Every structure is written in structure tokens, then in C-alpha cells.
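Encoded as C-alpha cells, the structure appears first; notes follow it.
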Amino acid sequence: MSSGHVTKRAKYKTSVKDPGTSGALRLNEQKLMFMPDNRNSSTKLAVEFKSIQGHKYTKEGSKKPPLINLSNAQGGSYIFEFDNYSDLHVCRDFVSKVLEKSKDTSSVASEKTVVTLPDEQLSAAEMQLRIKLLQEDCELQKLHQQFVGGNILTEAEFWAARKKLLDNDSSRKSNQRVGFKSAMISDIRPLTDGRTNKVTFSLTPEIILQIFAEKPAVHRAFLNLVPKKMTEMEFWTKYCRAEYLNRTKNVHTAAAEAAEDEELALFLKEDDILATEVRKKIRRVDPTLDMEADEGDDYMHLPDHGIFRDGSKELNESQHDIYRRTLLQDLNRHAAVVLEGRTVDVEMEDNTRAVAEALARSKQGKEGADGYENEERLDRVSRSTTLEDLQPPHSLPLAPLSIKDARDYFDSQQGNTLKTFRDPSGKMESLGSLSTQEAYGSMRDAISEMKSMGVSDPIINPEVALKVFNGLTHSISSIKYNHGKNPRESVLDRLPTVTKEKLLQHWTCIQELLKHFWSSYPITTPYLYAKVSRLKDAMSNIYRQLEEMKASLQSDLRHQVSLLVRPMQRALDAAIQHHDADLQKRSAKSSEEIPNGYV
Amino acid sequence: MASAPSKLYSGLSLALSTIFFFFKVVEGLDSVIADDVSLVVVLLDTNPFFWTTSSFPFSHFLSHVLAFLNAILTLNQLNQVVIIATGCNSCDYVYDSSKTANQSFGNGRMPTLCATLLQNLEEFMTKDEKLGIEEAEERITGSLLSGSLSMALCYIQRVFRSGSLHPQPRILCLQGSPDGPEQYVAIMNAIFSAQRSMVPIDSCYIGVQNSAFLQQASYITGGVHHKPQQLDGLFQYLLTIFATDLHSRSFLQLPKPVGVDFRASCFCHKNTIDMGYICSVCLSIFCTRHKKCSTCGSTFGQAQSDDASATNRKRKAPDS
Amino acid sequence: MPQVKIIAKNFMDMVASLTARDLDNLYQNPFICEAILRSLPPLAKKYVLQMLYIEGSVLAKSMEEWVLADGFTKHRVAIDRLVQLRIFSEEKKKETSYRLNPTFQTNLQKHLIYGGALPREPMPSNVTVRLPTLEELEAYALGQWECFLLQLISSAQAEKPTNFSSSMMKVFQRGLLIQRDKESPRLSESGFQFLLMDTSAQLWYIIREYISNSQERGVNQADLISFLLELSFHVAGEAYNVNTLSELQKNMIKDFADLGLVKLQQGRKDSWFIPTKLATSLSISLTDSSSRKEGFVVVETNFRIYAYSTSKLHCEILRLFSRIEYQLPNLIVGAITKESLYNAFDNGITADQIIAFLQQNAHPRVAERVPSVPENVCDQIRLWESDLNRVEATPAYFYDEFPSRDVFEAACDYARDRSGLLWEDSKKMRLAVKAETHTHMREFLRGQS
């Protein structure tokens, strides 16, 4: 059977109802082939197992004919009807074996495809998100059009640099976690089959987690007892027994059984962990809270609609008090747990033990936070005991650090290039000629001179004062002239709108290209190599466009624009230079070593 | 941009472009108080190595500054002036007008402000020199601007916390020494905390080159930066520009530098750089290639051979 | 003599109203220059500073260059003030330009370089035995001031009478109190406004009255002003020998002591005066919100007033429009009632004044809230006021028994033309006209008949 191929007679059907074409089905490890008896028939088949995703078959003993249904990834299926069940079984086993193997290889293969071909498959939601982002941001759209549309960047590359944008939206959706059900555990009714006295409780991991969360004592008992003293099965049987006793309100039986079995007693007793927690909670209540005001609100006599357990039937015998839990306690505890939210993911933890441990961990974490909470409480108490009406506010005003308008950058660039023209680096004159002592000495001399002479009178010459004032006034008016009425306006606003927009657009383009360019170094794959050369071409293209733009402007504007363009060009220069140097090195290396030296 | 650790291999050659954030000037200062009461903390550059080489004598400088401070105190009875000396080896408070009553009067020869200040300044110089001798091996010629900035901010914080009424504090740096790139990180931190507590830093640079640090400080905190062209008219510059209280600034146009020098200093050699490498995890700046980030310890994988590094730099550009 | 206006808040207004010659004389005194500088609007201060060393005149245009669009009104106010005080002199040749008053300029320059010197030194501490601490001094000053105010508004209430002669007191009370025949004098509308002002504004009002009255007593106004300003540059809490004063000043200092500006003490040999905060803050411009007192009143939505104050004066003020229920050592509890408000309205106090008082003196904690006085309280106060105004009384003359309808209608038209017609009943031929049109009406009717 484990031989390389199987051939059986079968009928090929496109659907179950189809009468089918009879022929020979041949299976080998790569593909399945169907040769119809009628050589002229068009229903010849040759399907690779890679494309087959699953298989179904009819069970022996059912009234249906022996069918096998192979479904492919596109949702279509190939149905074959065999002559008898034994043929079906042989084929079925072979198919399942081959599929298992191919699944392993195909997953490897698909990983490979991601590496070599980063054109990922997108879900409709992701696609929509991208479209939405593009629609909202016209600048982004422009970039997308220019680079992805112009085949400089692939779709995936473009978005890879903007993971944050994509994440933001998707994370919002997935962040909501499922909480506990609001149904109470006691609502899970045991199943009784009318005939015997057997009572069946069904426990799912979900329910178990809920039990642990609501009944810390059970949780503790589980951690202590299982698997050292009893198996998990025994544990839950005991628990269910206790629950059953509770449910039937059989206080006497409960007391009697508890006396015999200490583990069972654990479940029947009042939960001591809960009790201490409740006591703690009461201590935490804000002392300024007026509890007496609520005293008149009586919830005791409200009929408990829809709640499974009927409080009024509960017996009132004080001696067995500890074996009874009141509805109110259960309700409160349940409410608290539901509100606290889920701290452990059930899906992740199939194993009950793991669930129990995870819960214990998350509780420990909370304990740590308790100390802090206490401090906070003290703080609140001290605050509320003084009359808050007459206290000054507690905190000082703080300004948020915020990102400035990036366009100021242009101002600075212009300033910098101007500066490099003006002062060709006037380093501080050599200090070597003076010793430290002399330097300090001359300072002290100056101070003592001041001490004896006082402030020089007049401090400044009236002519100098006037000159300085006029100079400043002049520079102020030139600022006003340059910037128009609004002092917040930048250098850019002086340019005609068309030029300004073009400049800004080039700037964002260059940013985008450089980002991609530098992030693809070091070049390790032919894919990156191709990407870099594509980018390089695009960059030299923009470089040329910048030059053209400069040339097309009038002389007075040209100077200003060239000041702005210079840093952009320098950045591009650096990138192109790097690219060329890298290329040279690579070619030198590859001549020494193996050609096509990428791994 | 590849800021996730998984993309670290490309971190080293990343553009500097990410690091430069621009911080907004806090507006609406006048909404807090509509008054012209001001608290001016003046940072006085007392670096002897600068002053002995400067064409503008220290005694003239003092004359101008003292008269200016006296003018500030004259403007409003509630105005307050604190002077911090920025030396080579130490910084110290040399004058606080809240500690001496009726500052603008004196013995008729000079205001009390001058007398007290000169006395304290002389003591400070002696102390500063002694400190310099103790650690004589390395001769630092810059002045400790980061130290005096921090002291000024601490003082202002104390004032903020002590009373319910907010004086309108501002810091005025009178600096002549060139930037000490080794103080870059400390100065930037001081600048950002000033920005956060809404304290503008004015700066008047009287040295030869312009100071990138002071330009950035004034730009980020919304203060005024000016480099006087004519030093013998310093007093006029001070009165016309820097005496303007914060309240009036919302009505006046004050000089604005043509462009701010945004260059940063690298963390490794403290050089002022134009292009460099930044860590993609913590945004530390380096002038040369490193295997590991000295600030956050991230390792940068797969460095290329060193000869490429010279061409591998890229001009930093702001992130949009 | 300038018209006494209750809104005049500081000495700026007073100085500005002096004659040109007096002003120029005033600037001879460096203290006055400094005091004037301090009281200028912030922009004006800056203009003075930047002109300090410029000898020529500066074009108005070049000063305007510095002003941003939304600061232009402030700029105008500052320039107007400077010109008004003759600190700037306007020169109009081709273009308007300003130059700084040379006397003012030199005085300020000298002040910056040499510092000012007071005409007297504080006395050494071995002569003055025990000086009051600053807190004690402040308490003393406020005590004196309140005592004076109490005496001012109701002479009977004051615990210890001041040295002011009753004629002097009358001068102060002029405009603040009205005396209807045979009743005891009551607070007038402006009197209430006066009480609502903060201490330094009140002080300036009184000092203003004092100064304007000085000429009647043969004292030069300028001398008085310069002495007051000089006083404001003394150090609060230090003792100064009385012998350093001129005879005239010695007389004045006694009056100042009554106002709480100085405290007089007598040693074994010498006597000395100690300036208080009230004196040293005289030259602070009142635009400073920081010099404003902290409020003390909390108004609740149930019309209850809690005033955290120990002052008897505050209690008296509150009593003007509310029913004081009880008084604890540091707390006055009252309630605003219809009756108490009617009482206030009766005295000529308006609802707006009351509300403004409550708002201005709101306790710091409630002052932060908007509104600081509950809306329902404000509305109710206004409603009660408008309740009183439902019926308007106008003196009128009533005419009837007209001889003919023509005469009646002609009379109606005549009265209507002069907008004096209040009411007419054409059926019974009767009409009522305003009292002031009565004489014209009579003439007109005489002509008709």
C-alpha cells in the first residue's frame, strides 16, 4: 500500500448527483490522474496534490455508494465513485498520507514564496483599510500613485514602511477581549436522564475557569490536590457532588458527608479566601462615603426574577449555617468576577492545570498592585478630610511636548546654507598664549576696576544707541516684509504657490525614496539588489527634476529655491554615491569569488 | 521607518531623519497672567578664556549688563532678578534680588545690585579658579552652560511651587564661549524641561561664531535669540529686545534669526555633526559606526566594511 | 482743579491732569521719574527704555514697525499716555516723531548708573528699641485703614477717632455720603462703589481728595505728591528719623499715620516713622492683578453668603445688602433676602454693583469657577431689582375741562411734539403732560384762548 502509486477503477463525478464518467484513477505522490474509458472524453484529469486541501469519504455501512471527495483550494471538488468500499479505503489511506506530506512541504514552500515574492495575499479587510488610508490622506495617495504606480516600489514595500498606520486600525478591532459570561455557574443545570439516579455535569474549560475565578477556595484546592492526591477526574466528581448537595438544599446530608470526607468538606464550607477578601474590601471603603444614606434602599425583598436558585426556599437552620451559601453572596461574587474581566485566555490553555496556574499568576500580579492601591487610598482620605473647597490645586501646569511644523526645517536649511557662505568658520582664537592664572587674573582685575569705578557713565554713546536701534528696526521691518503680515509664515510662503507645492512634493518623495533606499542596505538578496537599483533610478530622476525646476525659475527666486534644494540634493548625492561605491565593491568581490554572490 | 528591533540590521545605516522633532512654542502664556511682572534669571558667562580673547572687555560687558538689570528692577517693584555665573568649572548664584530689599538704591555711587553682585562675582571667580587647579590635567575652555541652565530651572521650579501666584519667569543666557558639544545631551534635556514648564529661554550671543545650542534653546522654548552686531551697543540691544516682558511680547515683533542651526552632537565623540548614524531603537546619535548602541545596548548586525562608512552618511532631515 | 471722579484709580490720572509746568517741575525729582515709569502700561515702559540713550527724536513709523497687528490698540494707548504725561514730546515736521523728555531722561539714566539715594538713612537699630515685624506692621496698617473707613462711612462706629478734623473728614465724605434732611447720612451710590474698590484704589481716592484739598490749606500740590512718592521708595519696616523731615512734611506724616501709611513711634530722645506696605505700594501701577487682595466671599445657590473675614468693615459692607445671621471669629454668615436687597436698592445701590462686589471678592476657590457667583443668585438679584422698577413715577400736570375738542386736540398735538404727552382721554377730553412741559403748555393754552 505504501508503494509509490495506486490505480483503481472509479467514476469521476462533478457533483454527487452526476451519473459520472467511468475510467481509471491513478494516484502517485505528486498528483492524481483520471483517464476516462472513452479516450475522446474531455474529462481527462491531472491534478497536483499541492492544490488539494482536504478529502471526505462515505462511511461503510451507510446506504450511499463508496464516494471520495477531494476538495481543492479554490473551493471546487473532485468526486470519485468506486466499485466497492475496499477500493475506497485503499485510495483514502493513500490520499491522506500524501496530503499530510504535502502539507509539510507546502508550508515550507509558502514560506519561501514570502521571502522571494513579498507580494502577500491580502484579506479584503486589509485591502479596504489601505484604500481608506489612501483616501483620507491625499499626500499619501500621491506618493502611492507615483511610486507604486510608477513601478518603483511594490505595493508591499510601500506599506511595509507604514506598518504603524496599518496597525493602528487593526489593533483597535482585535483588542476587545471576550469577558466572562454573565450567566451564573449555578445556571448550568445538571443533566438527569429520567431512568437512573445518575446526574451528569458537563464541564468545559470555560466553565472551569469561571469556577476558579469565582471560588478561590476551589482553585486553591485544585492546585494543592491535583495531581498529587487525586486525579483531575476525581477532583471534579467531588466538586460536582458538593454542588449537587448544595443544589438540593440537603443541608443534613451535606453536613454528614462533609464529616466523612475532608476534601468534600472543602467545597461545602464557606470560602475562607473570599471571606478575607471581603473583609479587606470593607476596610478599603472610602471613609467619607456615607453608607447610611443607602440604608433605606432595600434590595432584599425584590423578587429575584429569572434567577435559578430560589432564595425563599432556603432553610433557616443556624447550626448548619456554614454549609449554606446565600444567593446574595453568590450574586455579588459573580458580579465582581464578571466586572473584573478575564485575565486568562481560555483558548490558549486547554489543560485545566494550566488554566489554574495562569489564574494564580495573574492574581499574584494583582496582589502587588494592592500595596499601591492602599497608598492611593490613604492619599484620598487625607485629601477628602480637609475641606477640598478651600484647597489650592495640586499640580503645576505643564505644556505637552509637541511636534512642530516640519516646514520650519526649510527656514533653518536656508539659514544654514547662508551661514556657511558668510562666516567661513571663525574658530575661537588660540587660547594658548595665556595661562589659566593670567586669564582669571584679568577677570578679577576687571571686576575690581568695576568696583572702584562703578558703572561707566554714559553706558553707551547716544549715536551708537541710535544706530543699534535703527539697525534692529530695519531687520524687524525686513522680517515683516519677508514674512508678510504673519510672523509664523516660513520661507516657503514667499515662493509662488506652484513652486512651493512642487518643492514640498519633491521633498516628501525624496523622503520616501531615501527611507526605502537606506533600509535596504546591506543588500543580501537579489530582490533587494533589484529594489535598490530601481530606487536609484528614481532618485536620479528626481535629482534631474530639481535641477530643471531651478533652471525654469526667475533669477531672484532661483537663488532662494537653490538654497532650499541644496540639502535635498546633498542627501540624494550621499545616497547615490553610496550606491555606486557599494556596486564597485560588489563587482570587485564577485570577480574574486563566485559569480552571483548572493546567498 | 524601521524602528522595530526585528529590523535592526538596517538600523545602522538609517537616515538621521527620524531624530529631529520640532517642539512647539507654548502659546497663550499671557492667558495665565495679564501682567508685566517678570522674574528674570540671567546666566552670565564668566569663562575667563573667552573674555581674555574677546575684543569686548569684560568690564564693559558688566557695565552694560548691570545697568540693564537695574533697569529691569526699576520697571516694576515686583520684578525679580536672579544672576547665575556660568564658569568653566562651576556655576553658582551670584545675586538674587528677592534677598536684598530695595535693590535699585545704593550709596549714591552705584546701585546695591552692582555692589553685591561684584562682590559675589569676585568670590566666585576665585573659587572657580581653585576648582580648575584641582583638576588641572584637562583644560576645558568651554563654560558649563548645562549646569547653569539646570540651576535656573530648579530655581524657577521652586518659585512655582512656593506660591500660588505665578511670576512670569524667563531665562536670559548671556553667552560668549563657543558651544561645548560634550554638554549636548544635558543642554537638550534642560531645554526640553524648560519648554515643558513653559519657561522661555532668551539668548544673547556675544562670541564670534553663533551658538547652535542657544539658537535651539530659544527656538524650542519660544524665547528670543539674538547675536548683536555691534558689541559696544550691547546695552541698547538688551533694553530694546531682552527687556521686553512676556506680556508685551504678544504685541511686539522681536528679531527672529533667519534659520536655526539644528545640528546635533554625537553621543560618542561629542562632535557637532551634520550627518551621522542613529540607533533605530533609542535614537542615539553617533558619528561613526558602532557594533552596539552605547545608550540602549542594542546590537547592530551585519556591519559593512568600514571604508564604506564615509560615504554611508546621510544628511539628516526632519521627519514629516 | 480736576473733577473728582470716583473711577480714578491711581495717581497716574492725577498726575496726568496736572498743568504742563507742574509736570516739568515734578520730573526734577528722580523718585517721581521712577514712580511714573513704574506706573506706565507695559508697552510704554518698553518705549521709554529703548529711547533712554537716544538723544534725538525717533520716527513714529519706526516704532510702529515693532508692533504686531493685534497689539496696535495697546501701542496707541501707550503712546497717548506718554504724550499726555509729557514724557514723550511729539514733533511734527514731515513725519511724526517722538523724543524723550530730557529731564526725565537724565534722571532715569543717572538712576540706572548710580542708583538713587534717599534723603534720609534708616536709623541704626541700637537707637530704635523694638521695631514691629513686617506682619505686625501690615496688620497695623490695615487696622488703621479700616478704622479710618469705618469712621468715614459712619462716624459712630469707629473705635478710636482719628486726628482728622471734622472739616477734613467732611471733605473726604463729600460725594461718598448723602444726607437727606434730618436723617443720619447714608452711603451714596458712589460711596458704595468706593467701598467695593480694593485698598490701594481707595487709598488713592482719599489721597487725591487730600491733595486737592491741600491748596485750601496752603500746601503746594507738587510738594505733597513728591513727598508721597518719596515715601513710597522707603523700605517698609525700617525706622526713619522724624527730624529729617521739613515742618510741612511733619504735619503731613501725622495724617499719613492716620491712614495707615506710616507708624509713628516715640523713643527716649528721637521719634521716628516706619513706612508700611500701604506706603511702599503707592507707586505700583494698579493694573497689577498681583497686587489685588485675595477674595473672601463664597456665595451658595441657596442665597447664603460665607465671608471668611475678621474685618468689621467687611461685615458692614455685607450688611448693606444682606442679612447677617451670625458672626464667628473669622467667618461671617449671611443670607441674601428680598428685604435686605430692597433695603440696598432703597439706598441707591444697584444690583450690578452688588453682583460685581460678590464676583470681585470671590474666595480664590470659587473664583476659579465660572460663574463665581451662582447664576440663580445673580438672576434673582436682578429680578428683584427690576421688580421695583415696574412703576415709573413721573411728575405731571393734569388738564381737563377743555372748552372745545379743537383746543383739546391742538393741546394734545403740542404736547406730543414736545414729547411731553403722558396720557390722553379723548372721550372726556382730559390729558396729562410731564411737569417740565407744563410751562410751555400753559403758554400755549393761553395763546389758544
Worksheet entry | Exclusive hit being hydrophobic (A, V, I, L, M, F, W, C) and not in a helix (DSSP H, G or I), set C:Ile32, C:Ile54 | C:Ile54
Item to complete: Name the single residue, out of those in segment C:360-383 being in contact with a Gly (Cβ under 9 Å, 6 or more places away or on another chain) and polar (S, T, N, Q), that is farthest from C:Glu294 (Cα to Cα).
Response: C:Ser372
Worksheet item: Could you say whether any residue in segment C:118-128 is over 30 Å from the mean Cα position of the chain (by Cα), within 14 Å of chain B (Cβ to nearest Cβ), under 26 Å from A:Asn461 (Cα atoms) and not in a strand (DSSP E or B)?
Response: no
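From the set of residues in segment C:17-66 that are over 18 Å from B:Ser248 (Cα atoms) and of a type in the set (Val, Ile, Thr), which is surrounded by the most Cβ atoms within 10 Å (Cβ to Cβ)?
Within segment C:17-66, the match that is surrounded by the most Cβ atoms within 10 Å (Cβ to Cβ) is C:Ile36.
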Discussion item. Just to check your reading of the model, which residue among B:Phe235, B:Phe213, B:Phe262, B:Phe267 is touching a Phe, Trp or Tyr at 6+ places or on another chain (Cβ under 7 Å), hydrophobic (A, V, I, L, M, F, W, C), crowded, with 24+ Cβ neighbours inside 10 Å and over 20 Å from A:Ile479 (Cα atoms)?
Written reply: B:Phe235
Worksheet item: If B:Cys204 passes every condition in (1) outside any helix (DSSP H, G or I); (2) within 12 Å of another protein chain (Cβ to nearest Cβ); (3) modelled with pLDDT of 85 or more but one, which one does it miss?
Response: (2)
Practice prompt. Identify, from the list C:Gly334, C:Gly348, the residue that is modelled with pLDDT of 80 or more and either in contact with a strand residue (DSSP E or B) (Cβ under 7 Å, 6 or more places away or on another chain) or outside the structural domain of C:Leu203 (by TED's automatic domain parsing) (or both).
Written response: C:Gly334
Worksheet item: Conditions: (1) farther than 21 Å from B:Cys268 by Cβ; (2) touching a Lys or Arg at 6+ places or on another chain (Cβ under 6 Å). B:Thr221 meets all but one. Number of the miss?
Response: (2)
Practice prompt. Pull up segment A:570-591, narrow it to residues that are more than 17 Å from A:Ala530 (Cβ to Cβ) and polar (S, T, N, Q), then point me to the one that is modelled with the lowest pLDDT.
Written response: A:Ser591
Worksheet item: Given the conditions (1) of a type in the set (A, V, I, L, M, F, W, C); (2) at pLDDT 80 or above; (3) surrounded by fewer than 12 Cβ atoms within 10 Å (Cβ to Cβ), which single one is not true for A:Ile594?
Response: (2)
Practice prompt. Look through C:Ser404, C:Ser372, C:Ser419 and report the one residue that is among the small types (Gly, Ala, Ser), out of contact with any Asp or Glu (no Cβ under 9 Å at 6 or more places or on another chain) and crowded, with 17+ Cβ neighbours inside 10 Å.
Written response: C:Ser372
Worksheet entry | Among the candidates A:Gln554, A:Gln560, residue that is in contact (Cβ under 8 Å) with a residue 40 or more places away in the chain, among the polar types (S, T, N, Q), out of contact with any His (no Cβ under 9 Å at 6 or more places or on another chain) and under 16 Å from A:Lys502 (Cβ atoms) | A:Gln560
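This table checks each residue for (1) modelled with pLDDT of 50 or more; (2) surrounded by 15 or more Cβ atoms within 10 Å (Cβ to Cβ); (3) in the same structural domain as B:Ala212 (by TED's automatic domain parsing).
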{"site": "B:Met275", "(1), (2), (3)": "yes, yes, no"}
{"site": "B:Val281", "(1), (2), (3)": "yes, yes, no"}
{"site": "B:Phe286", "(1), (2), (3)": "yes, yes, no"}
{"site": "B:Arg289", "(1), (2), (3)": "yes, yes, no"}
{"site": "B:Ser294", "(1), (2), (3)": "yes, no, no"}
{"site": "B:Gly297", "(1), (2), (3)": "yes, no, no"}
{"site": "B:Ala310", "(1), (2), (3)": "no, no, no"}
{"site": "B:Arg313", "(1), (2), (3)": "no, yes, no"}
{"site": "B:Lys316", "(1), (2), (3)": "no, yes, no"}
Worksheet item: Just checking, how many residues over segment C:227-268 are free of Cβ contacts under 8 Å to residues at least 12 places away in the same chain and over 22 Å from C:Tyr27 (Cα atoms)?
Response: 5
Worksheet item: When residues of segment C:231-243 are filtered for being part of a helix (DSSP H, G or I) and at pLDDT below 80, how many remain?
Response: 1
Worksheet, complete the sentence: Among C:Ala351, C:Ala362, C:Ala396, the single one that is of a type in the set (Gly, Ala, Ser), within 30 Å of C:Arg442 (Cβ to Cβ) and surrounded by 13 or more Cβ atoms within 10 Å (Cβ to Cβ) is C:Ala396
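Within segment B:53-67, can one find any residue that is assigned to a helix (DSSP H, G or I) and farther than 21 Å from B:Ser177 by Cα?
For segment B:53-67, residues assigned to a helix (DSSP H, G or I) and farther than 21 Å from B:Ser177 by Cα: present.
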Response to the item:
In segment B:46-57, residues that are over 20 Å from the mean Cα position of the chain (by Cα) and either buried (at least 24 other Cβ atoms within 10 Å of the Cβ) or modelled with pLDDT of 90 or more (or both) total 0
Fill in: Search result, residues across segment A:444-476 that are within 7 Å of chain B (Cβ to nearest Cβ) and not in a helix (DSSP H, G or I)
A:Gly454, A:Val455, A:Ser456, A:Ile459, A:Ile460
Worksheet item: Among B:Phe242, B:Phe262, which is touching a residue at least 40 places away in the same chain (Cβ under 8 Å), under 20 Å from B:Gln195 (Cα atoms) and within 8 Å of chain A (Cβ to nearest Cβ)?
Response: B:Phe262
Fill in: Residue list for segment A:7-33, restricted to those being touching a residue at least 24 places away in the same chain (Cβ under 8 Å) and not in a strand (DSSP E or B)
A:Thr14, A:Ser15, A:Val16, A:Asp18, A:Gly20, A:Glu29
Worksheet item: For A:Tyr527, which of the numbered conditions (1) within 14 Å of chain B (Cβ to nearest Cβ); (2) in contact (Cβ under 8 Å) with a residue 40 or more places away in the chain; (3) within 36 Å of the chain's Cα centre (by Cα) fails to hold?
Response: (1)
Fill in: Single unsatisfied condition, C:Leu100 versus (1) within 10 Å of another protein chain (Cβ to nearest Cβ); (2) at pLDDT 85 or above
(1)
Worksheet item: Any idea which of (1) more than 10 Å from chain A (Cβ to nearest Cβ); (2) assigned to a loop (DSSP other than H, G, I, E, B); (3) of a type outside the set (S, T, N, Q); (4) crowded, with 22+ Cβ neighbours inside 10 Å is the one B:Leu78 doesn't satisfy?
Response: (4)
Discussion item. So A:Leu503 passes all but one of these: (1) surrounded by fewer than 18 Cβ atoms within 10 Å (Cβ to Cβ); (2) more than 9 Å from every other protein chain (Cβ to nearest Cβ); (3) at pLDDT 80 or above. Which condition number does it fail?
Written reply: (1)
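The values are calculated or read from the model by the stated rules, or taken from the named source; none is laboratory data. Quantities reported herein were computed from a predicted structural model and do not represent experimental measurements. Note that we place each Cβ from the backbone using ideal geometry, even for glycine, and neighbour counts take in every protein chain shown.
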